[in-house]
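To keep things clear, I will list the structure first and then write my remarks on it.
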Amino acid sequence: MRFQFENLIRMMPLLLLTAFLFLAGSFQSLAKDKHPALDFGTSRPITLAEFLNKVAAANLDYAAQRYSISVAKAQIVAAEVSPNPTATFAYTGDVSGEKQASIYNTGISQTIEMAGKRGKRIAVARKNYLTAAATVEDFFRTLRGTAASAFIDAVADRMIVEQKRSSYESLDKLATTNQKRFEAGDLDEVDADQARIDALQARDDLHSSESDAATAAVALVQLMGTKGAAVPTPVGHLQFRVRSFNQQTVLSGAMRRRPDVVAARHSVESAQASVRLACANRYPDLTVGLALAHNTRTTNRINPAPDFDVANVSVSVPLPIFNTFRGEYETAVQTMLQSETTLKSVILKAEVDVRTNFTRYQLAEARLAQYESAALQLAEKVLQARLISYQKGAATLLDVLVAQKADNDFHLAYISALTERAKALVALEQAAAMWDLDDGRD
């Protein structure tokens, strides 16, 4: 046992050296410039159409808004209710002990609404229902545009990550090559170090872009409205088909279709119906009653009487002395005037919205067109030519780094132009209340 312990003591330095070399190798592998691809989760890829379907089916804000339609339907049912009849039962008995008659009374009364109050009340409730339905539709129009823009941002962030990864890998390859050339005595140390510094900066920029892409992907979960759902992987290239719009046609269609304009029109109609109801409420309602009474026989010696029955018919009308419903009428009139002004404002805002986004889409199309020509290939061609010249000694490292940065910036600008064109298209279709977008995967 002692011999084994002494052998273990003698082998300890060797074991420590082996462990040190192993850890050094591990740290070296971790310090390598190769960077793994960003993992967006294990969920299956999702297209724009699939994402919007999930938003429409499960978004919590939209689900809460839809309850306003159910509430409006219930208010129609409540408006259809007429006043209930009133039944009366009474007993009058002699408590003096003078053998007077007892009286049994029973009756029923019914309030009759005058001036068509019930019909006008139902009309107001139905207009409110149409307003609520259009308001919910407008909420979804806005939600769909917001969700589509968020999806586009998530796709664009993924494209930026891929571009920056490509740029980083190119710089890393250049830095590795320069290190080998320096070790072979074919290159100055400063050039090798400069190439490595640029590669490290590119890797840091890649990390930042990956963080932005992950954040954009997680933001899609909230829009889908499913708690604890896996982070989706948005799929697309933002290559939506080219559209040709006529501003006047789009504008006239928007004025007919936009749910906020429709809701404002229904709101005016509801206010007008409320004015008619307020006028009707100024007419008093009638209450018609019918009562039967049975009087028992009176056995009093002074005033005896046989039993007998009586009937009573009554009509009662409240006198409009203190409450003439003038305040309700004035409120309804002012509300109507307010809703008419609101309608004009909504129409003007919708017109400006369409015109603004129409111009934005045209400019985005023009901006993208300059990148979809031979410009991208030209930037790549310049970079490859600089690399070849650098390998032959005809160009400096600075020339290569400048060309690499120009190529990377040009591709990033192209992604920005794609993103802007896609978001401008979404904004225009949202403003025009139409929707026929594809998945942007052409």
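The values are calculated or read from the model by the stated rules, or taken from the named source; none is laboratory data. Worth saying up front: this structure is predicted, and the values here are computed from it rather than measured. Here the Cβ positions follow ideal geometry from the backbone for every residue, glycine too, while neighbour counts run over all protein chains shown.
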Identify the residue in the stretch 264-288 that is among the hydroxyl-bearing types (Ser, Thr, Tyr) and buried (at least 18 other Cβ atoms within 10 Å of the Cβ) and, among all such residues, is nearest to Phe322 (Cα to Cα).
Ser274
Scan Ala332, Ala379 and give me the residue that is out of contact with any strand residue (DSSP E or B) (no Cβ under 9 Å at 6 or more places or on another chain), assigned to a helix (DSSP H, G or I) and at pLDDT below 80.
Ala379
From the list Arg367, Arg355, Arg276, Arg301, exactly one residue is more than 25 Å from Phe89 (Cβ to Cβ), among the basic types (Lys, Arg), at pLDDT below 95 and in a helix (DSSP H, G or I). Which is it?
Arg367
Filter result (surrounded by 15 or more Cβ atoms within 10 Å (Cβ to Cβ), part of a helix (DSSP H, G or I) and either touching a residue at least 24 places away in the same chain (Cβ under 8 Å) or more than 20 Å from the chain's Cα centre (by Cα) (or both)) within the stretch 220-254
Leu220, Leu223, Met224, Val250, Leu251, Gly253, Ala254
Need the failing condition index for Asn53 against (1) of a type outside the set (Gly, Ala, Ser); (2) within 30 Å of Val155 (Cα to Cα); (3) in contact with a strand residue (DSSP E or B) (Cβ under 9 Å, 6 or more places away or on another chain), just the number.
(3)
Complete set of residues in the stretch 164-219 that are assigned to a loop (DSSP other than H, G, I, E, B) and either closer than 16 Å to Leu401 by Cβ or touching an Asp or Glu at 6+ places or on another chain (Cβ under 9 Å) (or both):
Leu187, Asp188
Name the residue, out of Ala424, Ala385, Ala417, that is among the small types (Gly, Ala, Ser), part of a helix (DSSP H, G or I) and within 30 Å of Met255 (Cβ to Cβ).
Ala424
Being loosely packed, with under 10 Cβ neighbours inside 10 Å, farther than 26 Å from Thr86 by Cβ and among the charged types (D, E, K, R) is the requirement here; does Arg301 meet it?
yes
Val354 passes all but one of (1) surrounded by 13 or more Cβ atoms within 10 Å (Cβ to Cβ); (2) β-branched (Val, Ile, Thr); (3) free of Cβ contacts under 8 Å to residues at least 60 places away in the same chain; which number fails?
(3)
What number of residues in the stretch 43-66 are more than 19 Å from Leu238 (Cα to Cα) and buried (at least 18 other Cβ atoms within 10 Å of the Cβ)?
5
